[in-house]
Amino acid sequence: MSSVTFTNIKKSFGDVHVINDFNLQINNGEFVSFLGPSGCGKTTCLRMVSGLEYNTGGEIKIDQDIVSNFDNKIFVAPEHRHVGMVFQSYAVWPHMNVFENIAYPLKVTKTPKSEISDRVQKIIETVELTGLEKRMPNELSGGQQQRVALARGLVAQPRVLLLDEPLSNLDAKLREKMRGDIRQIQQDFGITCIYVTHDQIEAFTMSDRIVIMKDGDIIQEGKPSEIRSNPVNDFVVDFIK
Ligand SMILES: Nc1ncnc2c1ncn2[C@@H]1O[C@H](COP(=O)(O)OP(=O)(O)O)[C@@H](O)[C@H]1O
Ligand SMILES: [Mg+2]
C-alpha cells in the first residue's frame, strides 16, 4: 500500500500543453478515478506515474520516494517504481499461456522459480481463473483475458495499481460484473488504485474519490456523493448526468 503525490505536474508534447498544473494526493489504499472526456489527459497522468512518460514540470512521489522531479532531473525507471498497470487493449501477450502471462512480471524481476509458481497460483485463485493456466489468450473470453491482465498487474505486489479504461472492450453485462470484482480485489489487497475512465457510472460505482478532469486541469475532486450533491460547474453537471 502506498500513497501517490502529484505536485505542480506539467506535461507538454512539443508545444502542446496537455497537463497544466496538476496537484493531487492519493492516499494509502484509496481507489481514485480520473474521470473526463477523451483527450483531457487522463492516460498521460497515469503514464507519468508508471514512468512510461516524462513529466515536463513538477514532482511525483510514491510514498516518500521521489520517482520523478523535473527540476532536479530525477527520473526512476518504470521497472523500479513497483507499480502495476492494466490497459484497455493488447492486455495480454498472445503467444503466452495464462500462467506465463501472469508470471511474466516475476520473471523480469528474477524471482526464484518455486516462488513464482506459488504466487501465480495464488493470484489465479483470486481472479478466479483456476483450471485455465494452460489456455492461450485466444481460447479465453474477453472477461477472462482482462482477469489475466489484472492478475499480471497484481502478481508482483505493486505499491500502486494503475488501470486505464480496463473494461472498455467488454460487453455491458461483463463490465458490470468486473466493476464489482475489481473493487473487491482492490479492497481485499488494500491496494492503492488509480483508475482512468470516461465512463461516469464506473467512476461513481467503484471509487472512494473521483477526480474530474477537463483539458488537462482538475475541475473537481471529491467523494462520489460530494460530487453528485455539489457539482462545481455546468461542465460537471453535464458530464455526470
Ligand atoms: N505521444 C503524444 N504525442 C503528442 N500528443 C499526445 C501524445 N500522447 C497524448 N497526446 C495528446 O495529449 C492529450 C491527452 O491525451 P490522453 O492523456 O491520452 O487523454 P485521455 O486519456 O484523457 O483520453 C490529447 O490531446 C492527446 O492527443
Ligand atoms: Mg486515455
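Just so it is clear, none of the values below were taken in a lab; they were calculated from the coordinates. Here the structure is a predicted model, which means the values were calculated and not measured. Cβ coordinates were reconstructed from backbone atoms using ideal geometry, including for glycine residues, and neighbour counts include every protein chain displayed.
Note on the chain: GNM, Cα springs under 10 Å; of K223, K42, K134, the largest mean-square fluctuation is that of K134. Seen from V32, the other residues with C-beta closer than 9 Å to its C-beta sum to a net charge of -2, counting Lys and Arg as +1 and Asp and Glu as -1. Within the chain, the proportion of C-alpha pairs whose separation exceeds 32 Å stands at 20%. For region 100-113, backbone phi angles converted through the Karplus equation (6.51, -1.76, 1.60; θ = phi - 60°) give residue-by-residue couplings of 5, 4, 6, 6, 3, x, 6, 5, 4, 8, 6, 5, x, 4 Hz, Gly and Pro being listed as x. Considering only Cα atoms, the convex hull volume of region 85-157 works out to 81 Å³ per residue. Measuring gaps between exposed loop sites in the chain (chymotrypsin sites (Phe, Trp or Tyr not before Pro); DSSP loop; at most 15 other Cβ atoms within 10 Å), the longest gap, sites not included, is 91-241. Couplings 3J(HN,Hα) for region 25-38, derived from phi with the Karplus relation 6.51 cos²θ - 1.76 cosθ + 1.60 (θ = phi - 60°), are 10, 10, 8, 3, x, 8, 10, 10, 9, 9, 10, x, x, 4 Hz, where x marks Gly and Pro. In order along region 225-241, the phi-based Karplus estimate (6.51 cos²θ - 1.76 cosθ + 1.60, θ = phi - 60°) of 3J(HN,Hα) comes to 5, 5, 5, 4, 7, 9, x, 7, 7, 5, 4, 5, 3, 5, 6, 9, 7 Hz; Gly and Pro are listed as x.
Look at the dipole of region 43-96 built from charges on Cβ: of F70, T43, A91, the Cα furthest out on the positive end belongs to A91. Dipole magnitude for region 85-157: computed about the Cα centre from +1 point charges on Lys and Arg Cβ and -1 point charges on Asp and Glu Cβ, it is near 180 debye.
Taking Cβ atoms as reference points and 13 Å as the exclusive limit, the residues near S89 contribute a net charge of -2, counting Lys and Arg as +1 and Asp and Glu as -1. Can you spot the lysines whose alpha carbon is less than 29 Å from K61's alpha carbon? Ignore those fewer than 8 places along the same chain. Straight-distance partners of K61: K10, K11, K42, K73, K107, K110, K214, K223. Counted residue by residue at 0.36 nm each, then reduced by the alpha carbon distance between them, the extension gain from V237 to D199 reaches 12.3 nm. Working note: Cα gyration tensor of region 1-89, eigenvalues times five, square-rooted, sorted largest first, giving semi-axes of 18, 17, 13 Å. The local environment of V16, defined by Cβ-Cβ distances under 14 Å, has a net charge of -1 under the rule Lys, Arg +1 and Asp, Glu -1. Given R0 = 25 Å, the distance between the Cβ atoms of Q157 and E128 translates into a calculated FRET efficiency of 0.85.
Each Lys and Arg adds +1 at its Cβ and each Asp and Glu adds -1 at its Cβ; summed about the Cα centre, region 1-118 shows a dipole of about 180 debye.
Once backbone amide H atoms are built at 1.01 Å from N, M85 has L162 as its partners under 5 Å, excluding neighbours fewer than 5 places away on the same chain.
If you run the Gaussian network model on the chain, springs between alpha carbon atoms under 10 Å, then out of I212, I182, I102 the most flexible one is I182. Subtracting the Cα-Cα distance of S225 and N28 from their residue separation scaled by 0.36 nm leaves 68.9 nm. What separates the Cα centres of region 66-144 and region 147-181 is a distance of 12 Å.
Computed about the Cα centre, the dipole magnitude for region 182-241 is approximately 160 debye when only Lys and Arg (+1) and Asp and Glu (-1) carry charge, each at its Cβ.
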